[in-house]
Number of protein chains: 4
Amino acid sequence: MLKVGVVGCTGYSGQELVDILLDHPGVEITCLTARFDKPEIYSDVYPRFKGRTSLVCESLNVDAVCEKTDLIFTALPHTISMDVVPRFIEKGKKVIDLSADYRLSSKEYTNAYRKEHSDVENIDKAVYGLPEMNRDKIKKAFLVANPGCYPTSVILGLLPIIKEVKQAGLNIVVDSKSGASGAGRKADISLSFSEINENFKCYKPNEHQHIPEMESILSRVVKGEIQVNFIPHLLPVTRGILSSIYIEDKGVGAEAALRKKYVDYFSGEPFIRISEQNYMPGIRDVAGTNYCDIGIKIVRGMIIIVSVIDNLLKGASGQAVQNMNIMFGLDETAGLK
Amino acid sequence: MLKVGVVGCTGYSGQELVDILLDHPGVEITCLTARFDKPEIYSDVYPRFKGRTSLVCESLNVDAVCEKTDLIFTALPHTISMDVVPRFIEKGKKVIDLSADYRLSSKEYTNAYRKEHSDVENIDKAVYGLPEMNRDKIKKAFLVANPGCYPTSVILGLLPIIKEVKQAGLNIVVDSKSGASGAGRKADISLSFSEINENFKCYKPNEHQHIPEMESILSRVVKGEIQVNFIPHLLPVTRGILSSIYIEDKGVGAEAALRKKYVDYFSGEPFIRISEQNYMPGIRDVAGTNYCDIGIKIVRGMIIIVSVIDNLLKGASGQAVQNMNIMFGLDETAGLK
Amino acid sequence: MLKVGVVGCTGYSGQELVDILLDHPGVEITCLTARFDKPEIYSDVYPRFKGRTSLVCESLNVDAVCEKTDLIFTALPHTISMDVVPRFIEKGKKVIDLSADYRLSSKEYTNAYRKEHSDVENIDKAVYGLPEMNRDKIKKAFLVANPGCYPTSVILGLLPIIKEVKQAGLNIVVDSKSGASGAGRKADISLSFSEINENFKCYKPNEHQHIPEMESILSRVVKGEIQVNFIPHLLPVTRGILSSIYIEDKGVGAEAALRKKYVDYFSGEPFIRISEQNYMPGIRDVAGTNYCDIGIKIVRGMIIIVSVIDNLLKGASGQAVQNMNIMFGLDETAGLK
Amino acid sequence: MLKVGVVGCTGYSGQELVDILLDHPGVEITCLTARFDKPEIYSDVYPRFKGRTSLVCESLNVDAVCEKTDLIFTALPHTISMDVVPRFIEKGKKVIDLSADYRLSSKEYTNAYRKEHSDVENIDKAVYGLPEMNRDKIKKAFLVANPGCYPTSVILGLLPIIKEVKQAGLNIVVDSKSGASGAGRKADISLSFSEINENFKCYKPNEHQHIPEMESILSRVVKGEIQVNFIPHLLPVTRGILSSIYIEDKGVGAEAALRKKYVDYFSGEPFIRISEQNYMPGIRDVAGTNYCDIGIKIVRGMIIIVSVIDNLLKGASGQAVQNMNIMFGLDETAGLK
């Protein structure tokens, strides 16, 4: 049994991780940490875990965590992770980090944020944890940077054609829509029910902090610059991201051929499903699963690609467990249905 | 034109008041106050008011407010109101207070909260602003305590039969369900979309702070003690309260007679509608209106009364405007469709 | 008092019309028709109208309707309207038709649907009822074709720049999201709560039946062909449409200048609001109102225009009443707050 | 591997059954039937099953089903089941029926519906499939009548105290709230999103068709008549039932003792969780699980019991699988996390 710890188990991703790991046949959760004033029985704080675990959640003690675990998931806020992760790494522990702190190279990081990363050593060794792209590297990684939710949906939607799109110099427009859990669990009026319910709006149009991640990762693939015009919107649902990708069809070809390209590209992938002709997937098709469903359509000269995931699963904790399975030689789908 | 001020215009009730008053034919809003660091154009803060008002919202200055207004609505948090209201009263201004601070008598207040009220003089002169009960007193009032949302739905649902129920010694069970705006506009994880959406639960069962209000007001009617067993639940909707009232049918009589009792009791009331036989009203019937709809049924020995309101209108700001109309001799329905 | 009839008063647009007209100061509803087996008191069928009207709703009798009305609103399903409208027209009645039947010219209609329209005479005389475009024609019209909900949001979002966009040969991508009431009131599993709630998906990508309407109307403006790539999505909200419009910024200019262009273009329009810099409007800003709010942003070479309306008001019944006000010389905002 | 068939796999319960059974370690689905015009690949009809099963769904052929299966789940509409079930039984197959057709005895059935059941032989041999009550009988059953969703929540909430309540002659009021999936998957305007969203109402107050089931089952326990005053309400959520049970506290005792009674009664039950003191469970605590959570409170002379389940799991398909596990000697929690 693999012994794992979850550092940061109170947010939505942290809770989802605990939920998956408790039913994972090859894993035992041995410690849970959070910024609590005093140790608390986890299921007293989150009664939906009652009867499933008797673990006590304590505030973080690096040595104690290292003693009990083979692998540590860090589900901490961005910029906090980079203070904590190196302390596990230096003690020889493997880490899967769910924050945005290790997803770029140090150079990309400096370009994007106009400042140097505080853990340069590890950021350049971290493997970007998108299995469909980096499975072999993940197998050997000691630090996996788990992808962001929006980037997962967008990169998977673009991977099979990004080289052609780059070559043809085509413009990419991504209109993404995310459920409210994507914003995290925090006290914030703008996240309150009465503000989000019966509402819908875009935010940070073409300025979202996930853009450098998408562009950097895709740029590595095409070995050149890529601009993703990315406009996120906030959906009145709890879970799910649907990204609608628009590209002018200039020479990319017929719809059937394009679909075949996707089917071939993702052949053998356990969690990618290319939708049948004339079907565009919706959030309900993937909610509660680790799937990424991709629908493809060419109409009136427009390529329309719809990529849909559960933001807390394939967009966060599900993908983190998929990465764990790969790192430790377990069945890649174990614990993920 | 009546000149009115809204003190506390950022919460849901405050915004709703502004919304109603801007379209009221007999009223002009002359000042808006809120705890802002610096004056702000109200429609910059709440863009849905763009084009409807150019008012600047400033922090509270009692003298400035008094100079510009005939009537002041105080839509402040509970316990804050009692510090502010007397300062308007002593300057001779009329006040409609939307907080819970003036709804009980000083004696009832002391009983309920085990401490003395800090504005004993005014609390005992304040009129409980339920027009269906106190219209004549409201006409002459200088301080109206606008009823709570839950109490409005429960008291209106019980008024026509409360004396009989008391006399027969019957038990009253009220299972109420409120939309999320009833909890106010504040940064609180428990009010966030991801917590309330796809969820439903009860809270403070038979211990809610609105219970003393219901029991005190009803006790005045029956001139004796009344116990209302009140169990509120949180609904995943923005607006609306539905209260299901259960009383054993011991001698209250047949359904048709009971319905007639309600129809007669509320005869002439512009905002009370008794539902037709075999129809039980739902939240959508009253959302966006100042109506209280009441459905009545007797089945298998149980009296079932369903009372439904929009918590921000008949349960707060709509009723406040109704009270204003009464106080100033305007058409009671003016501004309320 | 203008005497009006609503033919088709059971759908969401029909009910909304009745709701607005009942509170309109210059109008009296004199008849309501629907396909009912027998006459029914309207408020018995829709209890939210109880106490507001005692009208009886009957099945359609053209002569009876004509006798009682100066103006008839037809809120019938598409293709049904064209059978009914000419019968009112030939009796000299003015008509505002909410269906799609009279929005195109006969030539455009034949092009779009590959068949001839059955009421060629009237379709070519009907005025497209977008006041911001055709106010003068609407004043003199006897038949107004009320615009579709999606086209209203898209055309208003594009009008001020469509000529430049055409001239520069730029590609237009519109990602629209509509609340469920846009699909109408009907028994259909795909419209059921459990299918739409916690879901989100696109449908008819670049193939929606509203595309010919958008393209025809915009083509008239630019006097040339226009392609609008239009991808609608179904939102889990009851009301509202948000259209995100994407155009590459090639020579259209700076954001401030673009915003000024919109402000100038719509100057004096009572129901168009151009959002302040850095604010993108959401559905809640316009829900329950006849406003169309438009946000503008240019970032990283992309023009992003967000146009948002309440689909049942500015997208249907509110605009129909605005058209009525214009046709009959009433205050254009009467009844619309 | 146990071979099972699902007869009626298109409704919400049927789909949920397929979902559970596909991941159940000891089971293989060997046939799916529905009223389809022609055989269809199940995952083409419901794309969320893509990649999980390649089964073809055909219309019902009793012989074909019997040949391929050890156990048949019938998830058919009420009154249809009783025509189909006996045909499986006579061929020696075990059946778990999810309809209401076999939950009462023939005598109770005749009393409740004023007519005779068409399959008297089997109805009287069927075992009511509530494991917490009838585990030993279920082990030996050939026909299990899977309980209704409302009755499951109500009966589990009352079982530990029903004898005392009966003895003391106390009145039972149950205010239940169910998500929309409880009404089944069908084309019906009253189930459409725009009708249920932002709405809340009661229906069939104290007249619901599930009342005879609750009262019959509880009457068997107390060996006497029981009246459950049951008022269901429709919640704007997809899944979940919360039943609030109110009983006057006359001699039932203190809260701690009462909670202990529940803990003891359900000791060892894998799917019953009694909430800690001062916590009342909500729908989110059990959504997506087979748990029934029960909260207990005594305040001001009222016993308040809150019982909450996922209506499609413990209220339908999860409980059906629990029953299968018991019937075939599998781990009772297999496939149910």
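If we count every other residue with Cβ under 10 angstrom of A:Ile241's Cβ, Lys/Arg +1 and Asp/Glu -1, where does the sum land? Walk me through the numbers on the way to the answer.
On the way: positive: A:Lys177, A:Arg239, A:Lys314; negative: A:Asp310.
Neighbourhood net charge equals +2.
Between chains A and D, what is the buried accessible area in Å², counting both sides, with a 1.4 Å probe and ligands, DNA and RNA left out, to the nearest 100? All intermediate terms of the calculation are to be shown ahead of the outcome.
Working: alone 15300 and 15280 Å², together 28870 Å².
Result for this pair: about 1700 Å² buried.
A:Thr333: accessible area at probe 1.4 Å, nearest 10 Å²?
About 40 Å², ignoring ligands and nucleic acids.
Past the 31 angstrom mark, what percentage of all C-alpha to C-alpha distances in chain D do you count? Present the calculation step by step, with values, prior to reporting the outcome.
On the way: 17420 of 56616 pairs.
Here the tail beyond 31 Å accounts for 31 percent of pairs.
Quick one: Kirkwood hydrodynamic radius for the range B:211-282, alpha-carbon pairs, angstrom, one decimal? Write out the running numbers ahead of the final one.
Working: mean 1/r = 0.0663 Å⁻¹.
15.1 Å is the Kirkwood radius here.
Roughly how many Å is it from the Cα centre of the range B:132-169 to that of the range B:276-337, as a whole number?
13 Å
Using Cα pairs closer than 8 Å and at least 6 residues apart in sequence, work out the relative contact order for chain B, in percent.
Dividing the mean separation by the residue count of chain B yields 17 percent.
Using just the helices of the protein assembly as shown, give the 222 nm mean residue ellipticity in deg cm²/dmol: DSSP H runs with n ≥ 4 each add -39,500 (n - 2.57), and the total is spread over all residues, rounded to 500. Kindly include the intermediate steps, with their values, before the conclusion.
Details: 56 runs with 444 residues, N = 1348.
Mean residue ellipticity at 222 nm (helix-derived): -9000 deg cm²/dmol.
How much of the accessible area of the range D:1-141, in percent, comes from carbon and sulfur atoms when a 1.4 Å probe is used? Don't skip to the end; give the middle numbers.
Details: 2930 of 6370 Å².
C and S atoms contribute 46 percent here.
Once the other residues with Cβ under 11 Å from the Cβ of A:Gln322 are scored (Lys, Arg +1; Asp, Glu -1), what is the net sum? Don't skip to the end; give the middle numbers.
Working: positive: A:Arg135, A:Lys314; negative: A:Glu132, A:Glu269, A:Asp331, A:Glu332.
Neighbourhood net charge equals -2.
Quick one, can you get me the convex hull of the C-alpha atoms of the protein assembly as shown expressed as volume per residue in Å³?
Hull volume normalised by residue count: 181 Å³.
Helix B:149-158 sits at what angle to the longest principal axis of chain B, using alpha carbons and giving 0 to 90 degrees rounded to 10?
Between helix and principal axis, roughly 30 degrees.
How about the range A:203-308: which chymotrypsin sites (Phe, Trp or Tyr not before Pro) there are in a DSSP loop, with at most 15 other Cβ atoms within 10 Å of their Cβ? Intermediate values should be presented prior to the final figure.
Numbers: sites: A:Tyr203, A:Phe230, A:Tyr246, A:Tyr262, A:Tyr265, A:Phe266, A:Phe271, A:Tyr279, A:Tyr291; in loops: A:Tyr203, A:Phe266, A:Phe271, A:Tyr279, A:Tyr291.
The qualifying sites are A:Tyr203.
Please give the residues from the range A:25-48 for which the solvent-accessible area of heavy atoms, probe 1.4 Å, is smaller by at least 10 Å² with all protein chains in place than with the chain isolated.
Checking the loss per residue gives A:Asp44, A:Pro47, A:Arg48.
Which log10 I(q)/I(0) values, to two decimals, does the range D:1-93 give at q = 0.12, 0.16 Å⁻¹ under the Debye formula with one point per Cα?
-0.33, -0.60
I need to check one value: relative contact order of the range D:126-247, counting alpha carbon pairs closer than 8 Å and at least 6 residues apart, in percent. It would help to have the intermediate numbers written out before the result.
On the way: 184 pairs, mean separation 43.8, N = 122.
Relative CO of the range D:126-247 lands at 36 percent.
Using alpha-carbon positions, what is the distance between the centroids of the range D:187-203 and the range D:222-243, in Å?
Using only Cα atoms to place each centre, the spacing works out to 19 Å.
If you place +1 on the Cβ of every Lys and Arg, -1 on the Cβ of every Asp and Glu, and leave all else neutral, what size is the dipole of the range C:1-86 about its Cα centre, to the nearest 20 Debye?
Details: 7 positive and 12 negative charges, 36 e Å.
That gives the range C:1-86 a dipole magnitude of about 180 debye.
In whole Hz and in residue order, list the ³J(HN,Hα) couplings for the range C:288-297 that follow from phi through the Karplus curve 6.51 cos²θ - 1.76 cosθ + 1.60, θ = phi - 60°; x for Gly and Pro.
Taking θ as phi minus 60°, the curve returns x, 10, 9, 6, 10, 9, 10, x, 9, 8 Hz for the range C:288-297.
Output the residues of the range D:286-316 meeting this criterion: accessible area (heavy atoms, 1.4 Å probe) in the chain alone minus accessible area with all protein chains in place is 10 Å² or greater.
D:Tyr291, D:Lys297, D:Val299, D:Arg300, D:Met302, D:Ile304, D:Val306
Here are some pairs, D:Lys115/D:Lys204; A:Lys137/A:Lys223; A:Lys260/D:Lys38; B:Lys139/C:Lys50; B:Lys125/B:Lys260; B:Lys94/B:Lys139; which of them have Cα atoms lying more than 23 Å apart in this structure? Provide the component values of the computation, followed by the final result.
Details: D:Lys115/D:Lys204 21 Å; A:Lys137/A:Lys223 18 Å; A:Lys260/D:Lys38 28 Å; B:Lys139/C:Lys50 28 Å; B:Lys125/B:Lys260 35 Å; B:Lys94/B:Lys139 12 Å.
Among D:Lys115/D:Lys204; A:Lys137/A:Lys223; A:Lys260/D:Lys38; B:Lys139/C:Lys50; B:Lys125/B:Lys260; B:Lys94/B:Lys139, the Cα-Cα distance tops 23 Å for A:Lys260/D:Lys38; B:Lys139/C:Lys50; B:Lys125/B:Lys260.
Using the eigenvalues of the Cα gyration tensor, what equivalent ellipsoid semi-axes result for the range D:102-226 when each is taken as the square root of five times the eigenvalue, whole Å, largest first? Let's see the in-between values first.
Numbers: eigenvalues 145, 81, 43 Å².
Computed over the range D:102-226, the values are 27, 20, 15 Å.
Compute the label-point distances linking B:Gln167 to its equivalents in the other copies; points lie 7 Å from Cα along Cα→Cβ; give nm, one decimal, shortest first.
3.8, 8.4, 9.2
For the range D:206-242, which residues drop by 30 square angstrom or more in accessible area between the chain on its own and all protein chains together (1.4 Å probe)?
In the range D:206-242, residues shielded by partner chains: D:Asn206, D:Glu207, D:Gln227, D:Ile231, D:Leu235, D:Pro236, D:Val237, D:Thr238, D:Leu242.
May I ask you to list the trypsin sites (Lys or Arg not before Pro) in the range C:202-249 that are in a DSSP loop and have at most 12 other Cβ atoms within 10 Å of their Cβ? Before the final figure, lay out the partial values.
On the way: sites: C:Arg220, C:Lys223, C:Arg239; in loops: C:Lys223, C:Arg239.
Those satisfying the criteria are C:Lys223.
For chain C, with only Lys/Arg (+1) and Asp/Glu (-1) charged at the beta-carbon, what is the dipole magnitude about the Cα centre, in debye rounded to 20? Before the final figure, lay out the partial values.
Numbers: 40 positive and 42 negative charges, 88 e Å.
So the dipole magnitude of chain C works out to roughly 420 debye.
What number comes out for accessible area per residue over the range A:1-98 if the probe is 1.4 Å? Units Å², please. Write out the running numbers ahead of the final one.
Details: 4140 Å² over 98 residues.
Averaged over the residues of the range A:1-98, the accessible area is 42 Å².
Count the DSSP beta bridges whose two residues both fall in the range A:1-100, then state the antiparallel fraction as a percent rounded to the nearest 5. Could you put the intermediate results ahead of the total?
Working: 2 of 18 bridges.
If I count the DSSP bridges inside the range A:1-100, around 10 percent turn out antiparallel.
Scaled to the compact-protein estimate 2.2 N^0.38 Å, what is the alpha-carbon radius of gyration of the range B:190-249, rounded to two decimal places? The partial results should precede the final answer.
Working: Rg = 14.5 Å, N = 60, 2.2 N^0.38 = 10.4 Å.
Relative to the rule-of-thumb radius for its length, the range B:190-249 sits at 1.39.
Take the Cα gyration tensor of the range D:170-225, multiply each eigenvalue by 5, square-root it, and list the three semi-axes largest first, rounded to whole angstrom. Present the calculation step by step, with values, prior to reporting the outcome.
Working: eigenvalues 179, 33, 13 Å².
Working through the eigenvalues yields semi-axes of 30, 13, 8 Å.
With an 8 Å cut-off on Cα pairs and a minimum separation of 6 or more residues, tell me the relative contact order of the range B:38-90 in percent.
Working: 32 pairs, mean separation 14.2, N = 53.
The normalised contact order for the range B:38-90 reaches 27 percent.
Distances from D:Gly288 to the same residue in each other copy, label points 7 Å out along Cα→Cβ, in nm, shortest first?
0.8, 3.3, 3.4
Once the dipole of the range B:17-141 is set up with Lys and Arg at +1 and Asp and Glu at -1 on Cβ about the Cα centre, which of B:Asn134, B:Leu71, B:Leu98 lies farthest towards its positive end?
Projecting each Cα onto the dipole axis, the largest value belongs to B:Asn134.
Starting from the Cα gyration tensor of the range C:261-337, take the square roots of the eigenvalues, sort them a ≥ b ≥ c, and report rounded, prolate or oblate (rounded when a/c is under 1.5, otherwise prolate if a/b is larger than b/c, else oblate).
Working: a/c = 2.89, a/b = 1.91, b/c = 1.51.
Prolate, since a/c reaches 1.5 and a/b exceeds b/c.
Given +1 on the Cβ of Lys and Arg, -1 on the Cβ of Asp and Glu, and no further charges, what dipole in debye does the protein assembly as shown carry about its Cα centre, rounded to the nearest 20? Provide the component values of the computation, followed by the final result.
Working: 160 positive and 168 negative charges, 0 e Å.
With Lys and Arg at +1 and Asp and Glu at -1, about 0 debye.
Could you tell me which residue in chain C puts its beta carbon nearest the axis mapping C onto A, with the distance rounded to whole Å?
Closest Cβ to the C-to-A rotation axis, residue and whole-Å distance: C:Asp175, 2.
Under 14 Å from the Cβ of C:Met214, count the other residues' Cβ atoms, weight Lys and Arg +1, Asp and Glu -1, and hand me the total.
Values: positive: A:Arg300, C:Arg103, C:Lys166, C:Lys204, C:Arg220; negative: C:Glu108, C:Asp175, C:Glu207, C:Glu213, C:Glu215, C:Glu225.
Neighbour charge sum, excluding C:Met214 itself: -1.
Whole Å is fine, so just give me how far the alpha carbon centre of the range D:21-79 lies from that of the range C:10-78.
The distance from the Cα centre of the range D:21-79 to that of the range C:10-78 comes to 48 Å.
Under a 1.4 Å probe, what is the accessible area of the range D:165-226 per residue, stated in Å²?
Values: 2240 Å² over 62 residues.
For the range D:165-226, the solvent-accessible area averages 36 Å² per residue.
How many Å² of accessible area per residue for the range D:256-295, probe 1.4 Å? Numbers along the way, then the final one.
Details: 1590 Å² over 40 residues.
Accessible area per residue: 40 Å².
The values are calculated or read from the model by the stated rules, or taken from the named source; none is laboratory data. Everything numeric in this text was worked out from a predicted model, so none of it was measured. Quick reminder, even Gly has a Cβ in these numbers, built from the backbone with ideal geometry, and neighbours come from all protein chains shown. For accessibility, only protein heavy atoms count, side chains too; no ligands or nucleic acids. Shrake-Rupley method; radii C 1.70, N 1.55, O 1.52, S 1.80 Å.
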